[in-house]
Amino acid sequence: MTLSILTSSPRPGRVRGGSQKGRISRKTLALSLAGAAVLALTIAGFTRLPAQVDGDRGIAPLANSSDIQVDGIHVDETAATGADARLKGWKDAEVQAWKKAGGPDMPAESIDAMVSSIVIEKEQVGPHRYIATLGVIFDKAKASQFVGGAGAMPRSAPMLVIPVLIQGGVQQVFEMRGPWQKAWAEFQASASPVDYVRPSGAGGESLILTAGQPSRRSRLWWRTVLGQFHASDVLIPEARLERQWPGGPIKGTFTARYGPDNTFLGTFSLQASSEQALDAMMATAVERTDALYRDALAQGLLKPDATLSAGNTALEAAFAQLRAKLLPGGSAPAVSDASDVPIPPPTIMTEDVSGVPAETINVQFVTPDAAAVDAALSAVRGVSGVDGAATVSLAIGGTSVMRVTVKGGSERLASALRGQGWQVSGSGSTIRISR
């Protein structure tokens, strides 16, 4: 944007009369230039600033398949034409994959009859030569009698995966596409007894599942997050990359953690010779991390945390144990005399709502931080007659919305919340609460 201002004003002290038209003072000139700059920045902002969740945030995971997949088969074949070399390489990959899967000796034609598809990981086709890295998928219905076992494999409860990548002093999950999340997305998890729930980072997932989420300890907060992904607990595989020099070797330190307390399971290190070998190192790291989670599942460590269940019984029991440890002697303090005997709390008579139909209500509440989310959910879930309460829109620093199923309707819910000290406005299917 160009702004041209032409002025023609006589020097001070030379004008003694006549019209003052056409004169522009220094103050007016400065204001005009400032306004033009603000306008230019505003236009640039509207055209260049994307939405907070726009862009490629992650990679969608492969669908879990019950078929038997063998990856990383290298072939190098020559023939009269490139197409013939390619077909020859595929046949050789099928035989190699069958041996790698532990299958018995069989004719190549019989192995080919059990193959459902060929996965091309990387290939180069020449006039007479074919070099490739392939994956072979065998039909489980046909091949399970020879490899993989036909029996049902016990699986874990659904586990949410938050792959944290640390490189260059920056932690990330879905803020941008990274090799660690990509490796987990491409991992064929059907062969693992761990039921991985792998988000893609699309939409608001990149705002909820961040690198800081594993450091949270609030059970109510974790219940809200896990409920949105239909998971029972959380796994936090962590990868830390250290580059020796640009384009040189890359050292990776990988750690397996789990649970809302970010409990440590195990760690190991790998090294890639260059950036080109990084993806292969990440794929190997995912397989070894999965082995750590398998061992933990076999040892009974990957059971869902009882404090993440919908009820509060286990949470109250945990608090009781904590109070017993913190109090002197592990019990309540002794009473010195009769005057110090605590007065028992009054008995609260709950209203019988067994025959009242349930209604669904949207409750809006201000959430400046995570503690506000916990407080609002606790207050609403503590009302008699509430069958369920879950956030459907989470906005830290703004107004969140929870969907509540309650017997007696919004008036009864509003009355109970006012009794807890909340300010309630609105009526019908939508109410707003605040402190």
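Here are some notes:
- Debye intensity ratio I(q)/I(0), log10, segment 378-435, q values 0.12 Å⁻¹ (C-alpha model): -0.25
- Packing, taken as the mean count of other beta carbons within 10 Å per residue, orders the peptides 284-292, 411-419, 76-84 from highest to lowest as 284-292, 411-419, 76-84.
- Only protein heavy atoms count here; under a 1.4 Å probe, Leu327 has an accessible surface of about 70 Å².
- With the highest mean first, a sort of the peptides 194-203, 250-259 on other beta-carbon atoms found within 10 angstrom per residue produces 250-259, 194-203.
- Residues Leu322 and Ala291, FRET efficiency given R0 of 45 Å [Cβ-Cβ distance, rounded to 0.05]: 0.85
- Evaluated at q = 0.17 Å⁻¹: base-10 log I(q)/I(0), Debye formula over Cα of segment 207-260: -0.63
- Placing R0 at 51 angstrom, the Cβ-Cβ distance between Ser425 and Ser110 gives a FRET efficiency of 0.10 after rounding to 0.05.
- Inter-part distance where segment 369-418 and segment 267-297 are each reduced to a Cα centre, Å: 43 Å
- Applying D = kT/(6 pi eta Rh) to segment 105-230, where Rh is the Kirkwood radius over alpha-carbon pairs, T corresponds to 10 °C and eta to 1.306 mPa s, the Stokes-Einstein value obtained is 87 µm²/s.
- Checked against a 26 Å cut-off, the cross-linked pairs Lys88/Lys122; Lys99/Lys303; Lys88/Lys251 give Cα-Cα distances beyond that limit for Lys99/Lys303; Lys88/Lys251.
- Per-peptide average of other Cβ atoms within 10 Å, ordering 102-114, 180-192 highest first: 180-192, 102-114
The values are calculated or read from the model by the stated rules, or taken from the named source; none is laboratory data. Since we're looking at a predicted model, the values are computed, not measured. A quick note on method: Cβ atoms are made from the backbone with ideal geometry, for glycine too, and the neighbour counts reach across all protein chains shown. Just so you know, the surface numbers come from the protein's heavy atoms only, side chains and all, with ligands and any DNA or RNA stripped out. Shrake-Rupley method; radii C 1.70, N 1.55, O 1.52, S 1.80 Å.
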